[in-house]
Amino acid sequence: MTDNALLSGSVSALRQQLRDRAVSSEELTRACLERIEACNGKLNAVITMCSELAIDSARAADKAIAKGDFGSLTGIPLLHKDIFCTDGVRTTCGSRMLEQFVPAYDATVVSKMKAEGAVMLGKCNMDEFAMGSSNETSFFGTVKNPWDLNCVPGGSSGGSAAALAAGMAPLVTGTDTGGSIRQPASLCGVTGLKPTYGRVSRLGIIAFASSLDQAGPMARTAEDCAIALTAMAGIDAGDSTSADLPVPDFHAGLNHDIQGLRIGLPREYFNDDLDPEVRERVMTALSVLEQAGATLVDIELPHSHYAIATYYVIAPAEASANLARYDGVRFGYRCDEPVDLEDLYLRSRSEGFGEEVQRRILVGTYALSAGFYDAYFNKAQQVRRVITEDFTRAFDRVDVIAGPSAPGIAFPFGAKQQDPVAMYMEDIYTLAVNLAGLPGLSTPAGLINGMPVGLQLIGKPFDEQTILNAAHRLQRDTDWHLARPQLEALAP
Amino acid sequence: MSWETVIGLEVHLQLATQSKIFSGSATVFGAAPNEQADAVDLGMPGMLPVLNEEAVRYAVKFGLGIGARIGERSVFDRKNYFYPDLPKGYQVSQFFAPIVCEGVFEVALEDGTLYPIRITRAHLEEDAGKSVHDAFSRETGIDLNRAGTPLLEIVTEPDFRSAEQAVAYLKALHSLVTYLGISDGNMAEGSMRCDINISLREKGSDALGTRTEIKNVNSFRFVERAIHSEYERQADILDNGGSITQETRLYDAEQNVTRSMRSKEVANDYRYFPEPDLLPIVIDAEYIESVRATLPELPGAKRMRFTAEYGLNEYDAALLVPNHSLADYFESVVTAGGAAKPAANWILGDLTAALNRSETDITDSPVSAKQLAGLIVRIEDGTLSSKLAKQVFDALWAGEGDADQIIEARGLKQVSDSGALESMVEAVIAANPAQVAQYLAADEAKQKKLSGFFVGQIMKASKGQANPQMVNELLLLKLNDQS
Amino acid sequence: MSVSPQDVEKVALLARLAISESDLPEVTERFGRVLGLVDELNTIDTETVVPMSNPHDMHQRLRPDAVTRQNNRENLMASAPAQDQGYFLVPKVID
């Protein structure tokens, strides 16, 4: 096989080739590692490579395949976002705070995918502690968008999205607290799925906002996302918030037939604020689904515009507590020569955390502090319910809700860095989905000025299957998901 | 000015679970530093808590034990503050919706009267670790073995008016939780720690004064002394027209004073909010009933039963009941045939004294309940005088067999044979004519006194084995015959 | 709601973050912008709404009371910045 075929193949296709012994996992893994080495200097998508470990795992996978003993991902190389703890492999969360941190345990997602035979190539760059929408907050430097090296890849799973788009791996993982899978998937032209809150265990994933965080796959096709989600999902005794529900085989459940599917278009997403070109791409994609038998229904999510305010109270508040453990005592960055305990705390945290992380800790601390709890945190939790009930009512009438994944295409570096609020608007269409704990995915819907745009599909709680089916159908009837950046240009 | 003390107590009770409240680490006391702290206890990145079912069951047991309302939906919250022994930078506790809601705990005072204390709430939380200040010269060492140990914090209304009431409550609480089996109650190992909220007000006033909180007092005696010393301090300030600063203080047992905790003076703002890594604990009626079915007889009920069933007085019952093992021992003695009243006397008297002397727990008593019952049977049937009984008891303690064996081996049988006694009495009368004459000349009151001389002589002659009651009767008869 | 540099300093101390004198104006300005964003919450009436802490109305599961973790101090303390004799070390704390 040509390298190019290896580097742009889908998981489902590569899996078949592995099983047919048309290619070995070691060949595939080496191709990916070479690709990372060739492109990472320009893209900075990967923080840590584990080449030796990967080759060992690939060889083990090849042996297993030779014996006919394979799991759903046996021999498939993947990259994990550097927010997933990996036993014995440095896990930084994009922060100076954890620059040297080597966990003694695997995240449940990591061990489940390992158990399915996946080969871990390394760890992907990300916004520091997953706080950002452009990957500009990483201590390890910005990630470049493979479609245009002057533009951001989105965030916070920007390294994962860029690596996938650049052919470094056929499968990557991400986490999504307010849009961190869907927005970079949109900006990099890949398919990204944020499962229902509780579908995937959070154990071993470095926490940002516990009631919003959810891990999911990013891949080249909806079908691949279905394969990966099946491997990642399931109740975990170690995560009290993981759902005690059976995990369907999402891949086996894939179905092109969307006849009669009711797709809701919230008027609040398609108002005058929506960029006309984004609207045009999203509506074109939706008309493809309509032609396939779906019905488009106008709906209302009347409290949508409260999502940003609600999110930017709840997420920072939870984060302010989640990040209190980084105090320079048991692990992580510690300042030089602390004179006393307070000095240890203040300098370790101020030197170890970047600006955006510190800003969110401040906001969250403020929202929880005496005299403000009711006005901010409690209020935000009330509005969170109001927003969730909007969705519940809408889902009485429709099966799926559709909208843009992001307000626009990838933007140049620095464009929104000076104004945190402008940056927060990047997630205006995705935040509410996390607040309500719903599944959402982004699938490519064409290009604007040569840059990808995503369609977002939002499902009912624990009904990932329906949005995967709709995306799968869209990907059968169109070829937007096959569009690739100029891979050759990325290698030196 | 005459001041009234107003006291409320917060007790941190360590629950006797095998593993920690949110992790699978052991809770055994005394492990090497940090060897009993896993990734969850250390607050490592990505770690999550999972709630121990036994901690929940124990909390519900406690709630039912004091007749409190059980929160049908209780929630964990994060209490945020920085301290090196607090690994996550927050303590998981229950602030807004505790598992045990309001209840009333009736404390039996020494005279048997019941004094009701209103329990505000009791909630589950995790313990912090330990700072070790003396092991290193320039640093403080942090040991997180205790971090994550389940605690039940039991909070009262300010219902105490004296140190004695507070201590009575604590003793009753200690008794209750050991009966329930939810805590070992070992105060020396910190299983029960007490925070004291104390304020003064003019006698007769209803208003509450400014209070101070004395943290972490860990013995009944220190609680009593800390309250007295803090009363003196506050009264002194108020008498001189000063005002009390609301603050946290520590009790220094060596100096018997309370001291302000300067390090905690930085205004704390705990920023409580619902812990998003844990979901609400929902407790339904069925669960409550299943726990209720496992409740043992509690101290209050046992005290009443001991007075009604065994005819014990309140005082004895109040001494026997608080220690579950002691109460069990008492009932075993009775079951083995020992009469209740003497059983109580022996247990609370000679046995307790001997146990205290040798620092032995009742559960390790060298004298078994059955052996003590054997001794009591031999007293009741007249075989042993009380004096002989004490000798037998000492022999029991020394492990010389059971009462009958000792009586046999030592020939301690009380002489109750009237023929033998009669000749002994006659011999003593014959040998002491002067005293007999004196006796006969005396008035009735004096005679009683003088008869003691003859009894003493007879007992001496019998080596203490003569039945004293029979000796008395025979002696009176014989002496009166002389006139 | 407007926020003063003093407010920011107070919150920073609670969060154990040090803000330099020179950064304070900019931090305050950006902090204020974020607060301006969330102040929108005041425009909705939620009097009767029960706060929502977690998606889906799930209940807490309970774990059997069993010791499942053995001593793993060596691995867990491998990345501790300062330790001795099994203790984590911090500058001397005086109570």
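The values are calculated or read from the model by the stated rules, or taken from the named source; none is laboratory data. Just so you know, these numbers come straight off a predicted model, no measurement behind them. Note that each Cβ is placed from the backbone with ideal geometry, even for glycine, and that neighbours are counted across all protein chains shown. Just the protein is used for accessible areas: all its heavy atoms, side chains included, with ligands, DNA and RNA removed. Shrake-Rupley method; radii C 1.70, N 1.55, O 1.52, S 1.80 Å.
The residues of the range A:367-387 occluded by other protein chains by 50 Å² or more of accessible area, set against the chain on its own, are A:L368, A:Y373, A:Y376, A:K379, A:Q381, A:Q382, A:R385; surface from heavy atoms, 1.4 Å probe. Taking the inverse of the mean 1/r over every pair of distinct Cα atoms in the protein assembly as shown gives a Kirkwood hydrodynamic radius of 33.4 Å.
Solvent-accessible area of the range B:299-410 (1.4 angstrom probe, protein heavy atoms only): carbon and sulfur portion equals 49 percent. Taken as entire DSSP H runs, the helices of chain B that both span 20 Å or more between Cα atoms along their own long axis and average 0.0 or more on the Kyte-Doolittle scale are B:163-180.
Out of the total accessible area of the range B:3-289 (probe 1.4 Å, heavy atoms of protein only), what percent is carbon and sulfur? Carbon and sulfur together cover 46 percent of it.
Give the interface area between chains A and C as buried accessible surface, both sides summed, probe 1.4 Å, in Å² to the nearest 100.
That pair of chains buries around 5300 Å² in total.
For the peptide B:81-88, the mean number of other protein chain Cβ atoms found within 10 angstrom of a residue's Cβ is 6. For B:D404, the accessible area of its heavy atoms, probed at 1.4 Å with every protein chain present, is near 70 square angstrom. Among the protein heavy atoms, those of B:E400 account for about 90 Å² of accessible surface (1.4 Å probe, every chain in place).
Taking every protein chain into account, the accessible area of chain B amounts to 44 square angstrom per residue (probe 1.4 Å). Calculated accessible area for the range A:15-144 comes out at 34 Å² per residue, all protein chains present (probe 1.4 Å; ligands, DNA, RNA ignored). Here the relative contact order of chain C, from alpha carbon pairs under 8 Å that lie six or more residues apart, stands at 21 percent.
Could you tell me what percent of the DSSP beta bridges with both partners in chain A are antiparallel, to the nearest 5? In chain A, DSSP labels about 70 percent of beta bridges as antiparallel. Hey, could you grab the Kirkwood Rh for chain B? Inverse mean 1/r over distinct alpha carbon pairs, Å, one decimal. Evaluated over chain B, this radius sits at 26.9 Å. Checked against a 24 Å cut-off, the cross-linked pairs B:K302/B:K370; B:K20/B:K171; A:K42/A:K194; B:K413/B:K446; B:K88/B:K130 give Cα-Cα distances beyond that limit for B:K20/B:K171; A:K42/A:K194; B:K413/B:K446. Estimated at the nearest 10 Å², the accessible area of C:E9 is 80 Å² with a 1.4 Å probe.
Remark: accessible area buried at the C-B interface is about 3800 Å², both chains counted, probe radius 1.4 Å. Converting phi to 3J(HN,Hα) with the Karplus coefficients 6.51, -1.76 and 1.60 and the offset θ = phi - 60°, the range A:102-119 yields 10, x, 9, 7, 9, 5, 4, 4, 5, 6, 5, 6, 4, 5, 7, x, 5, 10 Hz in sequence order, with x at every glycine or proline. Of the residues in the range A:89-109, those shielded by at least 20 Å² of accessible area once partner protein chains are present, compared with the chain alone at a 1.4 Å probe, are A:F101, A:A104, A:Y105. Between the alpha-carbon centres of the range B:360-413 and the range A:123-156 there is a gap of 85 Å. Summed over both chains, the contact between B and A buries some 2700 Å² of accessible surface at a probe radius of 1.4 Å. Counted by Cβ distance under 11 Å from A:F377, the other residues give a net charge of +1, where Lys and Arg count +1 and Asp and Glu count -1. For the range C:69-89, accessible area lost to neighbouring protein chains reaches 50 Å² or more, against the chain alone with a 1.4 Å probe, at C:R69, C:N71, C:R73, C:L76, C:S79, C:P81, C:Y87, C:F88, C:L89.
What a 1.4 Å probe finds exposed on the range B:418-482 is 55% carbon and sulfur by accessible area, rounded to a whole percent. Taking all protein chains into account, the per residue accessible area for the range A:348-429 stands at 30 Å² (1.4 Å probe).
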